[in-house]
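K.L.:
I have a structure here, written as structure tokens, and I will follow up with some questions on it.
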Amino acid sequence: MKDAVQQLDPDEEVETARRLVARKLPGTRNADPQARTRKLVGMLARKGYSPALAFRIVREALEHEGITDPDSAQDDDILQAEIHDDEI
């Protein structure tokens, strides 16, 4: 699956991730924003999407629903730390 994601051009990758999140989003409506984020980002990660793209797509989808997560700044800090650790 990761190979398939890596073969997509960047625009196709973003659109495919958005479609996947849009399809799964309704099933998470009863959960709190953090749980929804974890579930959806995890789904994208298992399909080979990068953490940065996964968090961005999920955040956009939740914001489109009018949901803002006060911990999203913390998520950004965690994500940046993970990316930095991967680069070392």
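K.L.:
Having 3 or more residues that are modelled with pLDDT under 95 and exposed (fewer than 11 other Cβ atoms within 10 Å of the Cβ) is the bar; report the helices (runs of 4 or more DSSP H) wholly within the stretch 23-88 that clear it.
P.N.:
Working: elements: 33-46, 51-64, 72-87.
Fully inside the stretch 23-88 and qualifying: 72-87.
K.L.:
Of the residues that sit in the stretch 1-14 and are among the charged types (D, E, K, R) and either out of contact with any Leu (no Cβ under 9 Å at 6 or more places or on another chain) or exposed (fewer than 11 other Cβ atoms within 10 Å of the Cβ) (or both), which one is modelled with the highest pLDDT?
P.N.:
Here is the first cut: in the stretch 1-14, the ones among the charged types (D, E, K, R) are 2-3, 9, 11-13.
Filter once more, so that each one left must be either out of contact with any Leu (no Cβ under 9 Å at 6 or more places or on another chain) or exposed (fewer than 11 other Cβ atoms within 10 Å of the Cβ) (or both): 2-3, 9, 11-12.
Working: Lys2: 53, Asp3: 55, Asp9: 86, Asp11: 89, Glu12: 94.
Looking at the filtered set, the residue picked out is Glu12.
K.L.:
Name the residues in the stretch 49-67 that are over 11 Å from the mean Cα position of the chain (by Cα) and touching a residue at least 40 places away in the same chain (Cβ under 8 Å), would you?
P.N.:
Within the stretch 49-67, the subset over 11 Å from the mean Cα position of the chain (by Cα) is 63-67.
Of everything in the stretch 49-67, just one residue is over 11 Å from the mean Cα position of the chain (by Cα) and touching a residue at least 40 places away in the same chain (Cβ under 8 Å), namely Glu65.
The values are calculated or read from the model by the stated rules, or taken from the named source; none is laboratory data. Treat the numbers as computed from the prediction; the structure is a model and nothing was measured. When we count neighbours, we look across all protein chains shown, and the Cβ atoms used for this are built from the backbone with ideal geometry, even at glycine.
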